Amino acid sequence: MAKPMGPTGEFFRRRDEWRKHPMLTNNLRHATPGLGIALVAFGVYLAGEAAYNYFHRPDPHSTTHR
């Protein structure tokens, strides 16, 4: 069983209620739907491009310029 709050605890509980308001919680997540998926996809793209460039480097002794 929880200990009952005294007058000080009640004072701070009432003052902190605004922090749990629905307009203030998870606002960024709802404002930018799909941002997480887009960042992961972009990271996979960058890793894939870096791997491709690593394995398909032009020969340093070749005379042709592409």
Here the qualifying pairs (Cβ atoms under 9 Å; residues six or more apart or on different chains; first in region 49-66 and assigned to a loop (DSSP other than H, G, I, E, B); second at pLDDT below 75) come out as Pro58/Thr64; Pro58/His65; Pro58/Arg66
| message | Whether any residue in region 41-50 is over 21 Å from the mean Cα position of the chain (by Cα) and either among the small types (Gly, Ala, Ser) or at pLDDT 70 or above (or both) is what I want to check. | response | yes
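The values are calculated or read from the model by the stated rules, or taken from the named source; none is laboratory data. Just so you know, these numbers come straight off a predicted model, no measurement behind them. Backbone-built Cβ (ideal geometry, glycine too); neighbour counts: all protein chains shown.
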